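Everything below concerns the one structure shown next.
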Amino acid sequence: MPKGKKAALVAAMELFSEKGFDGTSTVQIAEAAGISQATIFKYFHTKQDLLLAIVKPVMENFFPHYRDEFFDGIHNCETLTGMVDFMVHDRYAFISENKEAVKIVIMEMMTSAEMRGLFVKLVSAKDFDFLGELLHEFRRTGEIRDDIDAAGIVRIIAGQMIVYLVQANFTPVLVTHEDQDLQLICEQIVRTIKK
């Protein structure tokens, strides 16, 4: 990747995650990157294109790009507890490694119809039934409650993780032992969805 393009992406990611997309100008991005505004527009025709260059890979990695690896990990788990543990730790590691980009995705999904459309497109890809496969794997253990569907599994796991991430980023005093906290989250999820 050319040096100027990489500098623009890094600076935009930092500024978008700090100030939001609408609160950041291309002038600010150029200054933070140490490049000209013309360099930004050489690689990205619009500020929106720059945003998409940051968030699209993150969104794609949440679902289709690494889904086979993700489902192999779930399939290798024999118990409900093992599956929940794998999902919580796998997604937490991904989010931790991509914290700024994930923050941008979440902020933009709340305000951008285009971003929500991209998310829906990724989740409902016709070539793979993500939610159906997830439910099939959880049902395979024979331990999950009959009234829990795939969307419920995702809501329960994501809900726990989102609250934890908010605590970690906005009230870090509440997050003292990450490993213990993640273990507690796994136990709470299992208690919620287990027969």
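For the chain, what does the relative contact order come out to in percent, with C-alpha contacts under 8 Å and a separation of six or more? List each step's numbers first, then the result.
Details: 142 pairs, mean separation 43.5, N = 195.
After rounding, I find 22 percent.
Placing unit charges on C-beta atoms (Lys and Arg positive, Asp and Glu negative, everything else neutral), compute the dipole magnitude of the chain about its Cα centre in debye, rounded to 20.
Working: 21 positive and 28 negative charges, 127 e Å.
Using only the charged Cβ atoms, the result is roughly 620 debye.
How big, in percent, is the set of alpha carbon pairs in the chain lying more than 19 Å apart?
65
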Tell me, in nm to one decimal, what length is gained between residue 113 and residue 167 on full extension, where the rule is 0.36 nm per residue of separation less the Cα-Cα distance?
16.7 nm
Once both label points are put 7 Å beyond Cα along the C-beta direction, the residue 89-residue 141 separation in nm becomes 1.4
Under a 5 Å amide H to amide H cut-off, with H placed in plane at 1.01 Å, what residues pair with residue 194 once short-range neighbours are removed?
145
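Where only protein heavy atoms count, and the probe is 1.4 Å, what is the accessible area per residue for the chain in Å²?
On the way: 10960 Å² over 195 residues.
In whole numbers, the chain has 56 Å² accessible per residue.
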For segment 1-23 and segment 141-195, what is the centre-to-centre distance using only Cα atoms, to the nearest Å?
31
Can you list the lysines whose alpha carbon is less than 25 Å from that of residue 19, not counting same-chain residues fewer than 8 positions off?
3, 5, 6, 42, 47, 56, 99, 103
Round to a whole number: what % of the accessible area of the chain belongs to carbon and sulfur, probe 1.4 Å?
56
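Using only DSSP helix segments of four residues or longer, with each worth -39500 (n - 2.57), what per-residue ellipticity at 222 nm results for the chain after dividing by its residue count and rounding to 500?
Details: 11 runs with 147 residues, N = 195.
Per the formula, -24000 deg cm²/dmol.
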Furthest towards positive pole of dipole, 148, 138, 105, structure part segment 90-188, Cβ charges
105
Checking 75, 45, 177 against a Gaussian network model of the chain (alpha-carbon springs below 10 Å), the top fluctuating residue turns out to be 177
GNM on the chain, Cα springs under 10 Å; top mean-square fluctuation among 103, 121, 56 goes to 121
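The values are calculated or read from the model by the stated rules, or taken from the named source; none is laboratory data. This structure is a prediction, so every number in the text was calculated from the model and none was measured. Ideal geometry is used to build each Cβ from the backbone, glycine not excepted, and the neighbour counts take in all protein chains shown. All accessible areas refer to the heavy atoms of the entire protein, side chains included, with ligands and DNA or RNA removed. Shrake-Rupley method; radii C 1.70, N 1.55, O 1.52, S 1.80 Å.
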